[in-house]
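The values are calculated or read from the model by the stated rules, or taken from the named source; none is laboratory data. Keep in mind that this is a model prediction, so the values were computed, not measured. Every residue, glycine as well, gets a Cβ built from its backbone with ideal geometry; the counts of neighbours run over all protein chains shown.
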Amino acid sequence: MKQIGLHGRGGQGVVVAGEILAQCYFDSGKYVQFMPSYGAERRGSPSHSYIRTDNNKIYQRYEIEEEDISVIFSLSVIDTAKLRENGTLIINGSNFKVKEKKIDIYTVDANAIALSLGLGSPAIPIINTTILGAYCKVTNDFSFDILVNAIKSKIDKKADLNIEGARLAYDSVRYL
Amino acid sequence: MKKVLGGNDAVSQAVSVCDVEVISAYPITPQTSIIEKIADLIYAKQINAQFIKVESEHSAMAACIGASIAGSRTFTATSSQGLLLMHEVLHWASGARLPIVLANANRAIAPGWNIWAEATDSLSQRDTGWVQLYAANSQEVYDFIIMAFAVAERALFPVMVCLDGFLLTHTKEPVEILEHETVKQLLPKIKRDTLDPANPKAYGALAFPKDYYIIKKGQHLDMLKVLDIFDNVSLEFEKITNRHYNPVEVYPKPDSQYSIVALGTLSQTARLAVDNLRKDDIDVNLVKINMLRPFPQQLLKQLLSDKKLIVVFDRDISHGKSGIVKDEIAGGLDLCNVVGFVGGLGGDKITESTIANAFLDAKNAQIKGLFL
């Protein structure tokens with residue numbers, strides 16, 4: 001089983017990203033379970049969503065305890081990720097320097113990409129679809145076409161711009 | 001066709017293929033997205049129904065009663081404090097033998113204020129004369145809602161379909177959905193006694209002790225027949241879906257020395273605990289309760305009467321006694337070898353190792369207390 005955590009702030013599209021990601025795994029023939037974090041969510045407050053995916057039916061009915069992949073929409077909530085040892089971290093950001101690292105870290109400047117396409121506002125760029133482009137490239141768990149179809153099924157407005165954002169992130173994500 | 005749906009999506013999708021005519025409901029977390037989606041579907045003309053907006057859950061159930069007496073197929077959804085506010089009217093619905101279907105998102109009861117999963121809300125309504133079904137995943141939610149209308153209209157009892165808040169209402173997973181035309185076969189319009197302006201009559205009139213006693217006795221005896229009606233509906237449902245449900249289910253097989261009993265989403269995690277315990281050569285199975293009312297006594301007796309020990313897990317509590325399901329099992333089957341644990345209250349986490357460890361404590365007679 002693969003367990004994935006998406007961590008950001010209300011308004012960045014953390015929950016919709018989780019739904020799209022769940023759809024991608026479902027469309028690639030996997031069993032999938034998607035849980036949004038729940039509480040008094042609002043714009044700006046920490047927001048999380050979690051996905052389990054497996055070749056077999058999933059029976060766990062509790063929050064994920066350890067993530068194989070953590071996707072960080074905002075560095076300010078990075079401490080909420082429950083990444084396992086040797087897990088994979090995908091971070092929205094640029095100009096990183098790390099002294100030493102024991103995990104695989106990938107970065108993508110999703111804020112800049114989303115803003116260049118007019119997705120969200122400078123205060124809160126909506127980066128859900130963009131960062132999933134990077135996720136698709138890093139994990140190679142499903143094809144970019146599957147991601148495009150999942151975005152189309154979940155996003156009514158500006159679907160083409162969201163797909164473009166995903167494509168730019170797919171091409172620009174880099175290994176740190 | 002399969003879609004990725006949460007429990008709440010599964011409810012609204014199921015309602016959309018059941019030819020429901022009247023919906024009245026009041027929003028409450030974590031149920032709200034059910035009636036929001038239904039309102040959207042009515043607006044998009046995908047459901048041909050009246051939505052009666054009200055100022056409280058008490059009024060929502062009152063409106064459903066009026067609509068159902070008038071002959072309409074009627075649905076509502078609520079949760080926790082909302083269900084409790086309906087309490088008095090729930091009795092009026094069952095006493096009038098109205099086939100209303102209600103989806104309850106199981107949520108803890110205040111204080112302290114808490115919006116997360118717990119089944120005390122609906123379990124505390126088990127004596128209101130409603131049929132109660134407890135779903136463990138989104139597929140069961142979808143199927144139980146459709147079956148609920150069939151059971152309700154054949155038995156003339158209201159049916160409550162319960163789904164754990166967030167753990168089920170908001171957790172999305174693949175669900176096989178049905179065509180409207182397919183569901184129609186299961187839900188023919190059944191003629192029943194309804195309001196008729198040409199032949200006026202009163203409902204809920206005064207009943208003196210002798211008459212009242214006859215009415216209540218009849219209600220009880222008819223409620224027991226729901227077990228057979230459920231089985232018949234289940235067989236018909238299986239013909240169109242290849243999915244079969246019993247009031248109680250057992251995993252992986254009935255024959256075992258020990259049993260773990262649970263309902264709702266707890267039964268999903270408990271299934272993993274059973275797998276792990278069996279890997280360690282412990283002869284235990286899972287008895288999963290789908291229907292709590294009417295109480296499937298014979299079926300449970302068959303499954304549980306020969307066990308060395310039965311361990312019941314409750315995400316609910318009757319203060320001053322025990323978990324409610326444990327009490328139902330021990331009392332309802334006159335068994336003395338039942339141990340109960342209460343946990344996960346207010347949405348607290350229960351994992352398969354929590355369940356397996358508690359089971360082992362009970363098996364080794366090292367129980368530290370009621371709470372997990």
Q) If you take the residues of the range B:316-366 that are among the polar types (S, T, N, Q), closer than 23 Å to A:Glu63 by Cα and surrounded by 16 or more Cβ atoms within 10 Å (Cβ to Cβ), which of them is farthest from the other protein chains (Cβ to nearest Cβ)? A) B:Thr354
Q) Only one residue in B:Leu333, B:Leu360 is touching a Lys or Arg at 6+ places or on another chain (Cβ under 9 Å) and not β-branched (Val, Ile, Thr). Which one? A) B:Leu333
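Just a yes or no: is a residue in the range A:79-96 at the interface with chain B (Cβ under 10 Å from one of its Cβ atoms) and within 29 Å of B:Ser267 (Cα to Cα)?
No, because not a single residue in the range A:79-96 is at the interface with chain B (Cβ under 10 Å from one of its Cβ atoms) and within 29 Å of B:Ser267 (Cα to Cα).
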Q: Among the residues of the range B:249-266, count how many are surrounded by fewer than 24 Cβ atoms within 10 Å (Cβ to Cβ), in contact (Cβ under 8 Å) with a residue 40 or more places away in the chain, not in a strand (DSSP E or B) and not hydroxyl-bearing (Ser, Thr, Tyr).
A: 2
Q. Residues of the range A:1-47 being crowded, with 24+ Cβ neighbours inside 10 Å and more than 12 Å from chain B (Cβ to nearest Cβ), which ones?
A. A:Ile4, A:Gly5, A:Leu6, A:His7, A:Gly8, A:Gln12, A:Gly13, A:Val14, A:Ala17, A:Ser47
Q. Do we find that A:Tyr59 is more than 14 Å from chain B (Cβ to nearest Cβ) and among the aromatic types (Phe, Trp, Tyr) in this structure?
A. no
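Report those helices (runs of 4 or more DSSP H) wholly inside the range A:76-176 carrying at least 2 residues which are under 26 Å from A:Asn55 (Cβ atoms), in contact with a Cys (Cβ under 8 Å, 6 or more places away or on another chain) and among the polar types (S, T, N, Q).
Output list is empty.
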Q.
Would you confirm whether or not the range B:295-308 contains a residue that is under 16 Å from the mean Cα position of the chain (by Cα), away from chain A (no Cβ under 14 Å), under 22 Å from B:Leu123 (Cα atoms) and buried (at least 18 other Cβ atoms within 10 Å of the Cβ)?
A. yes
**Q.** Condition check for A:Asp160: among the charged types (D, E, K, R) and free of Cβ contacts under 8 Å to residues at least 40 places away in the same chain
**A.** yes
Q | Residue under evaluation B:Gln302, criteria (1) free of Cβ contacts under 8 Å to residues at least 40 places away in the same chain; (2) of a type outside the set (A, V, I, L, M, F, W, C); (3) on the phi < 0 side of the Ramachandran plot, criterion not met | A | (1)
Q.
Residues to consider are A:Ile105, A:Ile126; find the one that is under 16 Å from A:Gly10 (Cα atoms) and in contact (Cβ under 8 Å) with a residue 24 or more places away in the chain.
A. A:Ile126
Q. Between a first residue in the range B:179-201 that is not assigned by TED's automatic domain parsing to the domain that holds B:Ala14 and a second residue that is assigned to a loop (DSSP other than H, G, I, E, B) and not polar (S, T, N, Q), which pairs have beta carbons less than 8 Å apart while being 6 or more apart in sequence or on different chains?
A. none
Q | Scan of the range B:155-178 for residues that are touching a residue at least 60 places away in the same chain (Cβ under 8 Å) and either more than 14 Å from chain A (Cβ to nearest Cβ) or of a type in the set (Ser, Thr, Tyr) (or both), ordered by number | A | B:Ala155, B:Leu156, B:Phe157, B:Pro158, B:Val159, B:Val161, B:Cys162, B:Thr169, B:Thr171, B:Leu178
Q) Only one of B:Arg126, B:Arg97, B:Arg73 is assigned by TED's automatic domain parsing to the domain that holds B:His180, of a type outside the set (S, T, N, Q) and closer than 22 Å to B:Lys321 by Cβ; which? A) B:Arg126
Q: For the range B:113-154, enumerate the residues that are surrounded by fewer than 24 Cβ atoms within 10 Å (Cβ to Cβ), farther than 21 Å from B:Ser234 by Cα and within 14 Å of chain A (Cβ to nearest Cβ).
A: B:Trp113, B:Asn114, B:Ile115, B:Trp116
(Q) Consider the range A:82-112. How many of its residues are more than 18 Å from A:Lys2 (Cα to Cα), β-branched (Val, Ile, Thr) and modelled with pLDDT of 95 or more? (A) 3
